[in-house]
Amino acid sequence: QVQLVESGGGLVQAGGSLRLSCAASGRTFSNYDMGWFRQAPGKERELVAAISWRRNTYYADSVKGRFTTSRDNAKNTVYLQMNSLKPEDTGVYYCAAGNLYGIRAKENYDYWGQGTQVTVSS
């Protein structure tokens, strides 16, 4: 089992920045791919960024150039730095862990955090 706890969400004006953190406990963090998902009201949960256990990264087109994910294996933590935020970035952000099907596949992720709300005002 892997337990994940997100933090760092909040309310920010358009153009602002937030840094989300996801702290992991349980099994060896460094063995897992880590993904960041976003769910806006009335929409499906979507993958916005991911970092593999080898530190390969993926970004959705909608966030490319604005969001950066990184990991600190010594702290069992993954981060999502979000810059130039837009109102359409509003949603609940979840981190997830997995390691079977590649970082772009939603089915890769077996463990999920409880989510943190990000609201971007215009």
With Cα springs under 10 Å, the Gaussian network model of the chain assigns the largest mean-square fluctuation among Y58, Y111, Y94 to Y111
First measure r as the distance between the Cβ atoms of E44 and A74, then evaluate 1/(1 + (r/R0)^6) with R0 = 22 Å and state the FRET efficiency to the nearest 0.05.
0.05
Under 27 Å Cα to Cα from K43, which lysines show up? Leave out anything in the same chain fewer than 8 places away.
K64, K86, K106
Extreme residue, positive dipole direction of the chain, given options N83, Q3, Q39 (C-beta unit charges):
N83
How large is ³J(HN,Hα) for each residue in the stretch 64-80, as worked out from phi by the Karplus curve 6.51 cos²θ - 1.76 cosθ + 1.60 (θ = phi - 60°), to whole Hz, x for Gly and Pro?
4, x, 10, 10, 9, 10, 8, 9, 10, 5, 5, 9, 6, 9, 10, 10, 10
To the nearest 20 debye, the stretch 1-116 has a Cα-centred charge dipole, built from +1 on Lys and Arg Cβ and -1 on Asp and Glu Cβ, of 240
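Every read-out reported here was derived from the displayed coordinates using simple, explicitly stated rules and does not represent laboratory data. What you are looking at is a predicted structure, and each value in this text was computed from that prediction instead of being measured. Because the Cβ atoms are built from the backbone with ideal geometry, glycine has one as well, and the counts that use them run over all protein chains shown.
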